[in-house]
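Colleague: Below is a structure I'd like to ask you about.
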């Protein structure tokens, strides 16, 4: 324990940058699906009391396999309420048996940690991080969400005990209808405890039903309250992380948005109900390329795509056609655009840099990361060599740089599918 | 006409033949463009089995299969794109359409006139003048047309234009549809621009979510079509799970959905194409102001 605490102290990152941005080195182990609270938005509600989760034998086998554990620095133990699990100390011991593991985190509601005894036992066994669910800033809100009167005081006692211990405190607030107006109050409540980080997870509708959808908050309504909480975190020098809320709506806090999750050991059928996410602007927005999930399908079906609210961060080349400078050869460019092969059009990770008449045909220049190659389309002539022939055209391509050869072989069929929608060239 | 209340005997299904020791043969989408199968199993089935199930449910299986046989013998394999059209909320209001594209693997003399010959004894109205730059023509079928009680109507789709025309024997061609195909990611601005000016939908937070459900955004191309009495959205190359979602969303006849579900793994090698017409409903003053009137699924044979 002392050793890992020292590593924290010597390697403390900028407090405004989330600690585990992409979580490539974390594994979450889910077990003991029981809970002493009954949060209205619980993402494992359907498996509580139904699934065994990852048993000790499975986790032990995982921990003993260097192929699985290579590079893992953090094990997250989760439930249900993990502290209800009689074998929790053994899970911690197994986690600590993995040579590369630096941190063992317990995801908990902290209601059983206030007395200090269990907390001391867990820390002594090797737990050094506690990730505590705090879903309200007062008793009525907490009671409404957890459906357990008195939960607020119990959680607060647990938070204070952790803060007073050698372990690091992290909190997580699920943003829902019942609490989104008091997010800043939650930060003010927690900040004196000097948490290492505060997470704000927008509702993740894994158990998608009408009641769950009624707890969703339209992003435009949630945005000012979430930004207020992030401002408060920044003022208090608390690292904040936001999940499942569009990054484009976070303004100067955009770097706090991170939808990544650790690798998870859990019953296989848990994944069947994992919610899907999408964004109408995914093809033109840089945020989508760098991990922003967009909106859940359940959200989109409830409130729509939010196409007027979202603010896609557009690539220069993917700006709307109306902002592209007029091309010198309007007819050719317009024709290419009808095929989705106009200047700026995206084909997988490639973009069309230029379209121009070339010899007896049309030449497209495809570019990616400063690499490029040409694709020529000419009227079909079976006497001439060609890479591919359509009914009307011969298609050839120029030298492809070795560095992008694999990508190029994937993009060429996409190009072909588009050019086949045409039968004449505007020559 | 058979209905859900009268289950049909099991129809022997047509398998996807795979030549031994040969590379995987390409499949074809509703633009008759080739793609490689997603997965393969020894029990894979042809997409055209859905068309056969639909014909069977409407009592025209023999007529439909005879037509397919004539087309296969006359044109060869992978020359026909088929579509099943279903009126939303009317399980018995089903029609079909066969599409014929100008593609590199066409046989010689591939014309509407040639296909019209192969349709006989069914009669097909319409002709395409030799100077027209056509990309594709199609022939519509309903129960009566498949039984030869009525002439089949045809349409032509012009190259590089997105325009289609209804062909008539004794009247000028009539503009039918205008199509816009775009990549669902890079081309979303154009798709939205076209949908925003649709006279069949009004600005509403849920309008786009209903026209472009997130479950179908993973596709090769989105297409918006402006038609005479409706507008439409098409999705190309979706997987079999998206097909199931679509059929359920548009309340397709339960027997067909059940059969598809029973054979889901055997259809997983295919990519499917979908379309849905929507029409304004002025009475819907609080909502997006439209209803889906017709939906279609497409495959090739």
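The values are calculated or read from the model by the stated rules, or taken from the named source; none is laboratory data. Just so it is clear, the structure is predicted and the values come from calculations on it, not from any experiment. Cβ coordinates were reconstructed from backbone atoms using ideal geometry, including for glycine residues, and neighbour counts include every protein chain displayed.
Colleague: Filter the stretch B:209-222 for residues that are facing another protein chain (nearest Cβ under 8 Å) and within 22 Å of residue A:302 (Cβ to Cβ); which is farthest from the chain's Cα centre (by Cα)?
Modeller: B:209
Colleague: If you don't mind, another one. Which condition number in (1) crowded, with 18+ Cβ neighbours inside 10 Å; (2) assigned to a helix (DSSP H, G or I); (3) modelled with pLDDT under 95; (4) under 24 Å from the mean Cα position of the chain (by Cα) is the one that residue A:275 fails?
Modeller: (2)
Colleague: Looking at (1) at negative phi; (2) within 27 Å of the chain's Cα centre (by Cα); (3) surrounded by 21 or more Cβ atoms within 10 Å (Cβ to Cβ), which is the only condition residue A:100 fails?
Modeller: Evaluating residue A:100 over (1) at negative phi; (2) within 27 Å of the chain's Cα centre (by Cα); (3) surrounded by 21 or more Cβ atoms within 10 Å (Cβ to Cβ) leaves (3) as the failure.
Colleague: Restricting the stretch A:133-163 to residues that are free of Cβ contacts under 8 Å to residues at least 24 places away in the same chain and not in a helix (DSSP H, G or I), which is farthest from residue A:105 (Cα to Cα)?
Modeller: By that ranking, first place goes to A:149.
Colleague: Check the stretch A:341-353 and report whether any residue there is surrounded by fewer than 17 Cβ atoms within 10 Å (Cβ to Cβ) and more than 10 Å from chain B (Cβ to nearest Cβ).
Modeller: Within the stretch A:341-353, one or more residues are surrounded by fewer than 17 Cβ atoms within 10 Å (Cβ to Cβ) and more than 10 Å from chain B (Cβ to nearest Cβ).
Colleague: Same structure, new question: Do we find a residue being more than 14 Å from chain A (Cβ to nearest Cβ) and not in a loop (DSSP other than H, G, I, E, B) anywhere in the stretch B:180-187?
Modeller: Within the stretch B:180-187, not a single residue is more than 14 Å from chain A (Cβ to nearest Cβ) and not in a loop (DSSP other than H, G, I, E, B).
Colleague: Check whether at least one residue in the stretch A:104-112 is farther than 18 Å from residue A:264 by Cα and either at pLDDT below 95 or surrounded by fewer than 21 Cβ atoms within 10 Å (Cβ to Cβ) (or both), and report yes or no.
Modeller: The answer is yes; a qualifying residue exists.
Listed here are the residues, each with its yes/no results for (1) in contact with a strand residue (DSSP E or B) (Cβ under 8 Å, 6 or more places away or on another chain); (2) in a loop (DSSP other than H, G, I, E, B); (3) on the phi < 0 side of the Ramachandran plot.
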{"residue": "A:240", "(1), (2), (3)": "yes, no, yes"}
{"residue": "A:252", "(1), (2), (3)": "no, no, yes"}
{"residue": "A:260", "(1), (2), (3)": "no, yes, yes"}
{"residue": "A:270", "(1), (2), (3)": "yes, no, yes"}
{"residue": "A:280", "(1), (2), (3)": "no, yes, yes"}
{"residue": "A:283", "(1), (2), (3)": "yes, yes, yes"}
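Colleague: Which of the residues spanning the stretch A:368-405 are more than 14 Å from chain B (Cβ to nearest Cβ) and part of a strand (DSSP E or B)?
Modeller: Those that are more than 14 Å from chain B (Cβ to nearest Cβ) and part of a strand (DSSP E or B): A:371, A:372, A:373, A:374, A:375, A:376, A:378, A:396, A:397.
Colleague: Follow-up question, since we're still on this one. Are any residues in the stretch A:382-397 loosely packed, with under 13 Cβ neighbours inside 10 Å and modelled with pLDDT under 80, and if so, which ones?
Modeller: Once the filter is applied, which keeps residues that are loosely packed, with under 13 Cβ neighbours inside 10 Å and modelled with pLDDT under 80, the stretch A:382-397 yields A:382, A:383, A:384, A:385.
Colleague: Suppose the filter is in contact with a strand residue (DSSP E or B) (Cβ under 8 Å, 6 or more places away or on another chain) and surrounded by 21 or more Cβ atoms within 10 Å (Cβ to Cβ); does residue B:228 pass it?
Modeller: No, not satisfied.
Colleague: Please count how many residues of the stretch B:75-113 are surrounded by 16 or more Cβ atoms within 10 Å (Cβ to Cβ) and part of a helix (DSSP H, G or I).
Modeller: The qualifying residues number 2.
Colleague: Now for a separate question. Among the residues in the stretch B:152-168, are any more than 12 Å from chain A (Cβ to nearest Cβ) and at pLDDT below 95?
Modeller: Scanning the stretch B:152-168, I find at least one residue that is more than 12 Å from chain A (Cβ to nearest Cβ) and at pLDDT below 95, so the answer is yes.
Colleague: Does the stretch B:200-208 contain any residue that is away from chain A (no Cβ under 13 Å), surrounded by 21 or more Cβ atoms within 10 Å (Cβ to Cβ) and not in a helix (DSSP H, G or I)?
Modeller: yes
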